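Worksheet for the structure shown next.
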Amino acid sequence: MEKSLQTLSRTDNSPQSVNLSIMQEDKPLKILETIVKAGALTSLEIAKIGHQYLRIREYNREEVRIQEAFGYLFAHIATLVGLKGEIDPIQKQEIWNAVFEKFAGLSFQEIYKAFQMDRRGDFGEITNPYQFFDSSYVCTVLGKYRQWLQDTQREHNINISQLPEKQNTMTEEETEASVISWLTGHFEEYKQTKKLPILSVPVYDALYRRGILQPYFATLTEEDKQLMRAETEKRLRQEQTKAKDKKEFSAIKALIEQYQKGVNDTEGRLRSFKEENTLKFFYNYLISQGKELSELLTHKEQ
């Protein structure tokens with residue numbers, strides 16, 4: 001039986017308690033577990049209290065734990081809608097950008113509920129991803145949800161003008177500890193699986209800003225750089241073989257040609273491929289040298 005709003009207000013599933021829990025949680029999978037609990041709400045309940053959850057714009061998108069939780073959430077959603085396999089690596093970053101730019105007024109809970117509702121046909125015709133989970137599909141579903149939300153709130157005279165007081169955010173020290181924890185967690189996951197976890201580009205950017213990658217770059221020989229370039233092109237060709245249609249095949253072919261000419265694409269897709277590949281080489285370097293990323297991060301802080 002689905003819980004009523006009155007019951008939710010008396011439990012730790014209230015939006016205010018959920019917000020506090022997310023702000024204090026440093027494990028992305030635990031954050032995901034908290035977010036998807038919104039699936040137990042009825043459509044009318046999410047229309048009434050969805051705005052009380054932390055909105056996308058209120059999260060620090062530089063926090064690795066939030067980046068990881070975002071990735072896990074959309075991997076979970078992809079499974080929910082029946083996608084087989086992983087989300088295309090190019091689309092991971094595109095989805096991230098689209099959500100933060102176009103739907104920052106929604107909460108993670110509303111995003112999850114939107115896809116659940118779409119699969120039930122609550123917005124009319126079910127949106128079909130055609131086996132390609134991309135930013136266009138995500139924006140279509142969230143656009144339907146936002147229109148449904150406006151219509152439902154108007155129909156039921158739901159007034160959301162009185163927002164709850166904003167919850168206390170993490171201190172700078174807590175935020176820094178969280179970032180370091182998930183930078184090291186990203187590396188530890190790679191050591192165990194030999195695969196880069198989802199949304200690795202923000203991790204690369206964070207390590208670069210902290211000056212962690214620069215000493216490694218100084219050790220690279222021309223042979224090392226050639227090997228990295230070859231591996232990046234190899235990965236691009238692997239993505240081309242997995243193209244869903246001729247249009248996608250041609251798009252990746254164009255990327256390969258740009259890469260070979262040393263030209264960057266305007267969408268930044270080549271940059272994403274190169275940074276993920278560089279991060280993988282960096283991790284392998286640390287492993288071969290018996291070094292821990294946590295030590296480098298701690299040393300930088302001292």
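Since every read-out is calculated from the coordinates, none of them should be taken as a lab result. Predicted model, so just to flag it, every value in this text is computed and none were measured. Here the Cβ positions follow ideal geometry from the backbone for every residue, glycine too, while neighbour counts run over all protein chains shown.
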If you place +1 on the Cβ of every Lys and Arg, -1 on the Cβ of every Asp and Glu, and leave all else neutral, what size is the dipole of region 172-301 about its Cα centre, to the nearest 20 Debye?
840 debye
Going by alpha carbons, how many degrees (0 to 90, nearest 10) lie between the helix axis of 135-155 and the longest principal axis of the chain?
20 degrees
Using only the alpha-carbon atoms, how far is helix 222-241 inclined from the longest principal axis of the chain? Give it as 0 to 90 degrees, nearest 10.
40 degrees
Assuming 1.002 mPa s and 20 °C, estimate D for region 5-155 with Stokes-Einstein, Rh taken as the Kirkwood radius over Cα pairs, in µm²/s.
137 µm²/s
The value for region 40-97 (convex hull of the alpha-carbon atoms, volume per residue, Å³) is 110 Å³
Region 172-301, Kirkwood Rh and Cα Rg, ratio Rg/Rh at 1.01
Give me, ordered by chain and number, the residues 5 or more places off Ser107 or on other chains with an amide H under 5 Å from its own placed amide H.
Ile56
Signed unit charges on C-beta, dipole axis of region 172-301, positive-most listed residue Tyr216, Leu183, Leu196:
Leu196
What is the fewest-to-most order of Glu68, Glu45 by other Cβ atoms lying within 10 Å of their Cβ?
Glu45, Glu68
Which of Lys194/Lys261; Lys27/Lys191; Lys244/Lys280 have a Cα-Cα distance over 24 Å?
Lys194/Lys261; Lys244/Lys280
For a footprinting-style exposure proxy, rank His76, His156, His186, His51 by other Cβ within 10 Å, fewest first.
His156, His76, His51, His186
When Tyr190, Tyr259 are arranged by how many other beta-carbons sit within 10 Å of their Cβ, fewest first, they go Tyr259, Tyr190
Taking only Cα atoms, what is the 0 to 90° angle, nearest 10, from helix 269-288's long axis to the longest principal axis of the chain?
70 degrees
If you place +1 on the Cβ of every Lys and Arg, -1 on the Cβ of every Asp and Glu, and leave all else neutral, what size is the dipole of the chain about its Cα centre, to the nearest 20 Debye?
740 debye
Go ahead and set up a Gaussian network model of the chain, Cα springs under 10 Å, then flag whichever of Pro129, Pro197, Pro215 fluctuates most.
Pro215
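State, as an integer percentage, the relative contact order of the chain based on alpha-carbon contacts under 8 Å between residues 6 or more apart.
19 percent
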Taking every pair of Cα atoms in the chain, average 1/r, invert it to obtain the Kirkwood radius, and report Rg/Rh to two decimals.
1.00
Percent of Cα-Cα pairs more than 21 Å apart in region 224-302, please.
41 percent
